[in-house]
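The next block holds one structure in the form of structure tokens; read it before the comments.
Every read-out reported here was derived from the displayed coordinates using simple, explicitly stated rules and does not represent laboratory data. These numbers were taken from a predicted model, which means no experiment stands behind them. Positions of Cβ are backbone-derived with ideal geometry, glycine not excepted, and every protein chain shown enters the neighbour counts.
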Amino acid sequence: MPKTQIPISGRTVAITGGARGLGLATARVLAERGARVAIGDLDAGLARDEAAALPGPGPHGGYGLDVTDPTSFESFLDTAAELGPLDVLINNAGIMPVNAFAQEDPLVTRRQIEINLVGVTTGTRLALERMLPRKSGHIVNVASAAGRVAVPGEAVYTATKHAVVGFGEALRVELKGRGIEVSTIMPSLAATELASGMQPPRFVPMVKPDQVAKAIAKALERPKLEVIVPAWTTPLIRMTLAMPPNVRDKIRTFFRIEEVGGEVDSSARASYVERYERPVAADENELVG
């Protein structure tokens, strides 16, 4: 029997990296459905502006957040609690540099791990401190289809997303029977700034941010551990995982996966690269904490 649908209306949802892309699309969809949304982003000003424009009854809030700084993360969740007790944390913040690993700056490697993986574990730990005493809550980690399919040119990104997938699966088992749901969202290449200058795999068009946002909303209503977007690729990805490496190579070639991280328009990607290499500088009053 399917689980009873859990209403989104009235829930307090905190979203990291929520001022742009998938995070903002998710904030809008959940706000439309009656959630109280706290947007956290390194760009505190943009977070405040986007939160003020969210639909629905609210209240909503936008706050500065550096997911690599535990103090900033804790302050973000404490301030978000002004909207209501934390019901949902969506660990969405992430970066995706594209380059052959041998040419990747070690600082960029470390930054991916700190944001894409350590930021997720930090946020989850802090959220559980608030959720476990209430025996209620939902952790949503936004990974990627790269969490199941290796993408050349994105070796470290792929590693972080594989880690997030594994983290979610283990966490679900640890929390079983304690009232906390865990979901991992795995979108294919999405039409956001993160994918600027890139081509999606053959036969798999770029997913729209709204598609991912609605998939997250559905996972909140009817909790599910793993959600792949678009859904039709789910059996294909799972079948591929069962194949030996040489067969996976042939499937990767058929779908032109190598071109996703190998044929990139650097000029179209320049502004995104500059933003993750030179993150917004925020003073003490801009960053919560």
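Please work out the Cα convex hull volume for the chain and give it in Å³ per residue.
Dividing the Cα hull volume of the chain by its residues yields 126 Å³.
Please go through segment 110-145 and write out the trypsin sites (Lys or Arg not before Pro) that DSSP classes as loop and that have at most 11 other C-beta atoms within 10 Å.
Passing both the DSSP loop test and the Cβ count: Lys135.
Against the globular-protein guess of 2.2 N^0.38 Å, express the Cα radius of gyration of segment 143-289 as a ratio, rounded to two decimals.
1.17
Could I have the simple spin-label model distance between Ala217 and Arg178, label points 7 Å from Cα toward Cβ, reported in nm to one decimal?
3.1 nm
Across every pair of different alpha-carbon atoms, what Kirkwood hydrodynamic radius in Å does segment 28-150 reach?
Kirkwood radius, segment 28-150: 15.6 Å.
Sequence neighbours fewer than 8 away in the same chain don't count; with that in mind, list the aspartates and glutamates whose C-alpha is under 18 Å from Lys218.
Filter leaves Glu32, Asp87, Glu181, Asp210, Glu226.
Shape verdict for segment 105-165, please, from the Cα gyration tensor: rounded (a/c under 1.5), prolate (a/b greater than b/c) or oblate.
Here segment 105-165 falls in the oblate category.
Explain nothing, just the number: relative contact order of segment 7-74, from Cα pairs under 8 Å at least 6 residues apart, as a whole percent.
Relative CO of segment 7-74 lands at 30 percent.
Can you compute the helix-only [θ] at 222 nm over the chain? Use -39500 (n - 2.57) per DSSP H run of at least 4 residues, normalise by all residues, nearest 500 deg cm²/dmol.
Here the helix-only value at 222 nm equals -12500 deg cm²/dmol.
Viscosity 0.692 mPa s, temperature 37 °C: what is the translational diffusion coefficient of segment 83-201 from Stokes-Einstein with a Kirkwood Rh over Cα pairs, rounded to a whole number of µm²/s?
Using the Kirkwood radius from Cα pairs, D works out to 217 µm²/s.
Just going by the charge dipole of the chain, with Lys and Arg at +1 and Asp and Glu at -1 on Cβ, which of Pro223, Leu171, Val204 is farthest out on the positive end?
Positive-end residue among those listed: Pro223.
Could you tell me which residue out of Leu83, Val98, Thr124 lies farthest along the dipole of segment 75-153 toward its positive end? Charges go on the beta carbon: Lys and Arg +1, Asp and Glu -1, centred on the Cα centre.
So the residue we want is Thr124.
Spelling out what I want: for every residue of segment 8-25, take phi, set θ = phi - 60°, compute 6.51 cos²θ - 1.76 cosθ + 1.60 (Karplus), and round to whole Hz; glycine and proline get x.
Computed from phi, the couplings for segment 8-25 are 7, 4, x, 7, 8, 10, 9, 10, 8, x, x, 8, 8, x, 4, x, 5, 4 Hz.
If you stretched the chain out fully between Arg110 and Ala52, how much longer would it get, using 0.36 nm times the residue separation minus the C-alpha to C-alpha distance?
Result: 17.5 nm gained on full extension.
What is the helix-to-structure angle for 119-131, meaning the angle in degrees between its Cα long axis and the longest Cα principal axis of the chain, kept from 0 to 90 and rounded to the nearest 10?
It is inclined by approximately 30 degrees.
Using +1 at the C-beta of Lys and Arg and -1 at the C-beta of Asp and Glu, which of Ser9, Leu107, Ser267 has the Cα lying farthest in the positive direction of the dipole of the chain?
Positive-end residue among those listed: Ser9.
For segment 188-261, just list the percent of Cα-Cα distances falling in each 10 Å bin from zero outward, please.
18, 43, 32, 8
Over segment 68-122, consider all pairs of different Cα atoms and compute the Kirkwood hydrodynamic radius from their mean reciprocal separation; express it in Å, one decimal.
12.9 Å
Please state the charge dipole magnitude for the chain, taken about the Cα centre, from unit charges on C-beta atoms (+1 on K and R, -1 on D and E), reported in debye and rounded to the nearest 20.
In total the dipole reaches around 1500 debye.
Given axes a ≥ b ≥ c from the Cα gyration tensor, I'd like to know whether segment 1-95 is rounded (a/c under 1.5), prolate (a/b larger than b/c) or oblate.
It comes out prolate by the Cα gyration axes.
Report, in listed order, any pair from Lys135/Lys161; Lys214/Lys250; Lys161/Lys208; Lys208/Lys250 with a Cα-Cα distance greater than 25 Å.
Beyond 25 Å between Cα atoms: Lys135/Lys161; Lys214/Lys250; Lys208/Lys250.
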